[in-house]
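The block underneath contains the structure these notes are about, expressed in structure tokens.
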There are 2 protein chains.
Amino acid sequence: MEKTALSLSETGRLPEPGAASTGRPRMVDVAEVAGVSLKTVSRVINEEPGVVDATRERVRAAIAQLGYRVNGPARALASHRSGAIGIITEATAHFGPTTQFLGLERAVWAAGYSVVVASLKTRTAPEFSLAVDRLLDTGVDGLLINGSNSRPVSLAQALPADVPTVSVGDPPTGNVPADANLLYAYNDQAAGAGQAVRHLLDLGHRAVHHLAGPLDWVPAQLRLAAWQRTLRTAGVPEPAPEYGDWSAQSGYEAGRRLLARPDVTAVFAANDQMAIGLLRAAAEAHRSVPATLSVIGFDDIPEASYLPVPLTTVRQEFKQLAVAAVGQLVSQIAGQETTRLISVPTTLRLRDSTAQPPSQEKK
Amino acid sequence: MEKTALSLSETGRLPEPGAASTGRPRMVDVAEVAGVSLKTVSRVINEEPGVVDATRERVRAAIAQLGYRVNGPARALASHRSGAIGIITEATAHFGPTTQFLGLERAVWAAGYSVVVASLKTRTAPEFSLAVDRLLDTGVDGLLINGSNSRPVSLAQALPADVPTVSVGDPPTGNVPADANLLYAYNDQAAGAGQAVRHLLDLGHRAVHHLAGPLDWVPAQLRLAAWQRTLRTAGVPEPAPEYGDWSAQSGYEAGRRLLARPDVTAVFAANDQMAIGLLRAAAEAHRSVPATLSVIGFDDIPEASYLPVPLTTVRQEFKQLAVAAVGQLVSQIAGQETTRLISVPTTLRLRDSTAQPPSQEKK
DNA sequence: ACCCCCCTTGACAGCGCTGTCGAAAGCGTA
DNA sequence: TACGCTTTCGACAGCGCTGTCAAGGGGGGT
């Protein structure tokens, strides 16, 4: 027994001095080539102070010579920081979520972290929890939730309290627990939707209809609520909304139902894709836009300007939002005080799909 | 949820006996609670054989009680496998790349790996190398390259030989080095484009024009080449193509140039977005589709059916492709033999944007 | 009844890095 | 010349897990 132990420690796969040709070079190999200690190499790599320039150069040369690269897991284990941030995102190719996701991804790398992604195919709580678990198992330092969350309450519940998290895209809804680890960054949906509706009212429309998104998406709820609020404030009756699922197809179908109603002259669609579907339904119904029907969308997708009728829409600044959110998260990870809520303004892009209603004199 | 809350409040999550009651529970804490060795806990967690059911249950209970979760970096360090796969992707919200990316992401998780992402804003070699470096520094076990690569040669050059890699989306071009670590999975672009062009020829069009994508994207090259080949085979003259950048806007502009030419009756656009722009240009030029102009796209984006004229297009099966690619990569990581090239077929989706040319009798 | 072998479990040495702390060297001042 | 201070560097002990190998215990074959 002791014999075995002894012989083991004796053989102990010690690399012969000067020759470490096996496998990937390690930090100790670099140290040997540079003629310095392991720790000094570590200092150079992490750009810590207290290393004289000549030594630093020697180490850098050794690194280049061996083609050394750090072992992420080893570093994470020793330093208790993985340097990774997890992003939970919707598994949809929709313009909004995708653009926002890419913005976040780039902002995270720019902040010096790597990005681990888990996508959600359904909007169910179990799948959300599963995604969180997966990300936490990889050891992420923080979490970004991209896009809307259908479960404003369970969101906070499903998140462990000890991982800094920023929910990006939606403002908190309902009674938000004052849990300091859950922050929010979002586009000002309500203001944007309000602007859109007011624009239509200002043009002289007696009624503004709404083609809403699926109500398990917070942005859909917010845009709907802002539409209602704006109408109420203006003292205008509030017609029943039609609902879609963000897709052009659903916009087309909802559009057909909408256009079958009397007196529909202006429609605020909750996103551009549905507005596209609506435009198709209008064409089929021989309603010319904007002469007899005004349409306004939300997002400002790149195609918006190049539709048969260039689409008036509400633009969201995803890049700006992403940078703000990542800044917030990184501060939080560093243990600094941060703003709990960040709101990024939206802007109304006027194009050709909105005009005065056909019969002005009726007033 | 209530269960969790209850058990949490009951146990108070403080393992007393051990000294290290601070912070996250470790495997040794679980071992202590379960009354087994560290190694046995490891066995249970990794579902290794050789643990009797009773013991297994005891360990599982201890894990649940403590709320233990594995430390990814520690496991990666000890096992020499990070369990992560890196995906390099284009930083665009375009339908094709995004859909393909999401397919890959889900397929990777399904295969039991986590996903680290690096996006590319530009198509330059330095940025590509940077992305590879970042991913390798995090310790990924394999690499997926999502979408096209502009640099068929430098792609292989920029990749280290010791990391299994699958290029997803494009077939290899030019002389591919027989480097066993670089595999390919792709949609059969050439066949799809060929089908599209042949469809237009079969309808009786005397010429088929092409609205090509940017030539630094391999799919753009392939679709262009297939268009040329099909025309040549049919003995039809090959007009100069117009070029766009995949966007609706560029499609609109190229469409205007195209429609200014005489005798343009059929256009094969390299993607659906550009086809949308082209449709807009046609509307402005008072060319009705498909009566006086046939248009065909590529991708089959969800909106394609709901455009003013439902778009005939070539559908790509991204999900199927993703699953195949990940299977290929995982086998490669496991050191098994794999197919070096996987091709997934595309299909022509006939809708309303293609018809016979206006003047048939000219034939 | 005995032996052998397999099945289950545990002890222990790292994986490659960082954090702590102390040693050595350099430098100004008395 | 000697002293104390700062700057630069190295020794060493883990971080939390897995892989290897050995130990113990029970069942089947003879």
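Selection over segment B:119-145 of residues that are surrounded by 18 or more Cβ atoms within 10 Å (Cβ to Cβ) and of a type in the set (D, E) gives a count of 1. Of the helices (runs of 4 or more DSSP H) lying entirely inside segment B:36-132, those carrying at least 1 residues that are away from DNA strand D (no atom under 16 Å from the Cβ) and either at pLDDT 95 or above or among the small types (G, A, S) (or both) are B:53-66, B:95-110. Specify the residue that is nearest to the chain's Cα centre (by Cα); the eligible residues are those in segment B:104-122 that are more than 9 Å from chain A (Cβ to nearest Cβ) and in contact (Cβ under 8 Å) with a residue 40 or more places away in the chain. So the residue we want is B:L104. Residues in segment A:313-363 that are assigned to a helix (DSSP H, G or I) and of a type in the set (V, I, T): A:V323, A:V326, A:V330, A:I333. Per the listing B:R56, B:R75, B:R81, the residue uniquely surrounded by 15 or more Cβ atoms within 10 Å (Cβ to Cβ), within 13 Å of DNA strand C (Cβ to nearest atom) and within 29 Å of B:N146 (Cα to Cα) is B:R75. Checking each residue in segment A:327-348 for being closer than 28 Å to A:N271 by Cβ and in contact with a Gly (Cβ under 9 Å, 6 or more places away or on another chain) picks out A:L329, A:I342, A:P345, A:T346, A:T347, A:L348.
Per-residue answers, yes or no, for (1) surrounded by 20 or more Cβ atoms within 10 Å (Cβ to Cβ); (2) assigned by TED's automatic domain parsing to the domain that holds A:G251:
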position: A:I296; (1), (2): yes, yes
position: A:A304; (1), (2): yes, yes
position: A:P308; (1), (2): yes, yes
position: A:A325; (1), (2): yes, no
position: A:S331; (1), (2): no, no
position: A:T347; (1), (2): no, no
position: A:D352; (1), (2): no, no
position: A:Q356; (1), (2): no, no
position: A:S359; (1), (2): no, no
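Here A:R43 passes the criteria (1) surrounded by 21 or more Cβ atoms within 10 Å (Cβ to Cβ); (2) more than 14 Å from chain B (Cβ to nearest Cβ) except the one numbered (1).
Scanning segment A:218-259 for residues that are surrounded by 24 or more Cβ atoms within 10 Å (Cβ to Cβ) and in a loop (DSSP other than H, G, I, E, B) returns A:G244, A:W246. Look at segment B:59-84: where a residue is within 9 Å of chain A (Cβ to nearest Cβ) and a partner is part of a loop (DSSP other than H, G, I, E, B) and within 7 Å of DNA strand D (Cβ to nearest atom), sitting 6+ places away or on another chain with Cβ atoms under 8 Å, you get B:R69/B:R24; B:N71/B:R24; B:N71/B:R26. With respect to A:Y243, is the statement that it is within 14 Å of chain B (Cβ to nearest Cβ), among the aromatic types (F, W, Y) and free of Cβ contacts under 8 Å to residues at least 40 places away in the same chain true? Judged against the criteria, A:Y243 is not a match. Out of B:T292, B:T313, B:T339, one residue alone is crowded, with 20+ Cβ neighbours inside 10 Å, among the polar types (S, T, N, Q) and either out of contact with any strand residue (DSSP E or B) (no Cβ under 7 Å at 6 or more places or on another chain) or at pLDDT 95 or above (or both). It is B:T313.
The values are calculated or read from the model by the stated rules, or taken from the named source; none is laboratory data. Nothing here was measured: the structure is a model prediction, and the numbers come from that model. Reconstructed Cβ throughout: ideal geometry from the backbone, glycine too, with neighbour counts over all protein chains shown.
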